[in-house]
Structure formats: C-alpha cells, structure tokens
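Student: Can you read through this structure? Questions will come right after.
Just so it is clear, none of the values below were taken in a lab; they were calculated from the coordinates. In this text, all values refer to a predicted model and were calculated from it rather than measured experimentally. Neighbour counts run over all protein chains shown; Cβ positions are idealised from the backbone, glycine included.
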C-alpha cells in the first residue's frame, strides 16, 4: 500500500496508475496520495493529472528527435484545437529618398492569416487489474514508456513528411551547389542541412564532415548524428527517405508537442484497468521558400570528395 503520508509522492507510471485505480474504488490511502497530486477534484477527469505534476511524477522515456531538435522550441497553447498565425502576402518595400525631402516610397502591404491544426495522438489498452498489480517489471510503466517513445517517433515522421511535401525542389547536383542555390533564392544562409542516414554516412566515409560523432542515447531527446558540412550543421534523420538532402532555416517549420505526454487511467469494473497515453502535436510550414530539397540523384560522393592528404 502506498504511504498516505507522502505530501508530494514520487511514483512510477505503474504506481500512479494503480493509485488512480484504487482511488476510483474508494481506497482511502490511494485517495490521500492522489489528493497530494491534484489541484482540484474533477469527477469526470479523475484519471488525468495536471501537467505541472506530470513531468515531476510520471517521468518517461523519449526517443532521439533530430528533426524536432531543429524545428521545435515553441509551446502548444493551453487550449484550442488550432492556431491562427499571421502570413505575409506583400511585404513593405521602401527605398532611398532622392532628394532627402522627397515623398516616402510606398506600396500596398498585405498580411493575412494561416491556420495550423493541433493533431491528437493516443494509444490505449485494457489489462487485468491483477496483472497490473503483480507484474515485475512494472508492466504499466513499461507500456507508458514505450508509448511515449512511439509518440515522439510519429512526430518525427510528421516533420519529415512536412519537409518532403513543402518547399521546392532544387536543381543543384552537389550539396555545396544546393547551399549556393538556397542562398541565391532566399538571400539567406540555411541554418541546417538535413540528410538521410545513407547521405550522412557517405559524407562521413569521404571525410567531408567536421566532428562527425553520435551524441546522446535512447533516453535523451537530443541523441542525434552531429556534424557540420561546409560550416553548416548537418543532421541525419532516419525518417527521411534514402538519398534525401534538404537545406532549411530553423524557422521554416513550426513543430510543437505536448510536454509531457499524458497518462490516463480508469478502473473498469472490478477486474480490469484501462490505460491511455495521450499527446498533441502541431507541425506546420511557415516559410516554404526556406526549404530546398535536392533533386533525385544528387552527387553525394562528388560533393563530399576526399580531403587533401586522405588515402584513396
């Protein structure tokens, strides 16, 4: 039995699930522990904890998120299923005054809106209460951890799909030329080069990457293949199709996720426990002109080359 005297209990996902199930059955100790975790009593949402406590108490695993590490940063709003953002049509275009007393140049600036929908993600299962109570290792904690990793993997896939369907196709036949094409088209330098693992590997084999190392592990959100190419950060993602190379700015894609991924529990009758894992995400392109993909058959090896002095 969980100690009812804990003011701010530190529970695993499985212990938390059993506490919620016990509270739903009227267990006094479980009710006391649950009361220490919740700010208010909402009968219809008794299995949902406030987000401020979920991070501290539930914890959880996450997968390496190379694409989210590039495009993530902003938070989802606390409510609502869509975000309305400004979108420029025609930007202000001024000019030099000649003479200095001349009228100011003017053009009709237009600005509209674009809507990005919040996507819901969920996984749920009903399991016998005795299995949940007697399992070792904790089956509920294990299920929650794996579901969280699956959520983050699906977010990565969604970002990859956004990159591969937005923006434009370049005409360059080498990575260096792709960077130059990006700069010429946008008057900006790309912040990052995104590559499929086979491209990253070819560049590494040809000594074209600086500090080509892997960082992090499966328990970190930042475990990525980290390197630079021609002075720009290059990031590999297994969610990108083989042969893919993309030059982009960090602001091109707006990626947001719920943090943390929520755990819900409900006691079903006397013999079963229903476990639910729920997440939300938003993935939207803000600057399509700042996503430039390579054409098929880009000459990766030619772009990489051999560093002077390396063996052939």
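Student: Over 19 Å, how big is the tail of the calculated P(r) for the stretch 85-171, in percent of all Cα pairs? Don't jump to the answer; show the numbers that get you there.
Tutor: Working: 2636 of 3741 pairs.
Result for the distance tail: 70 percent.
Student: Also, quick follow-up: Neighbour counts of other C-beta atoms within 10 Å: give me 85, 262 arranged from fewest to most.
Tutor: Least crowded to most crowded, the residues run 85, 262.
Student: I would also like to ask the following. Going by Cα centres, the stretch 130-181 and the stretch 65-98 are how many Å apart?
Tutor: Comparing the Cα centres of the stretch 130-181 and the stretch 65-98, I get a distance of 22 Å.
Student: Can you put 156, 274 in order, fewest other beta carbons within 10 Å first?
Tutor: The fewest-first ordering by Cβ neighbours comes to 274, 156.
Student: Sticking with this structure for a sec: Could you list 232, 97, 163 in order of exposure, starting from the residue whose Cβ has the fewest other Cβ atoms within 10 Å? Present the calculation step by step, with values, prior to reporting the outcome.
Tutor: On the way: 232 15, 97 11, 163 25.
Neighbour counts put them in this order, fewest first: 97, 232, 163.
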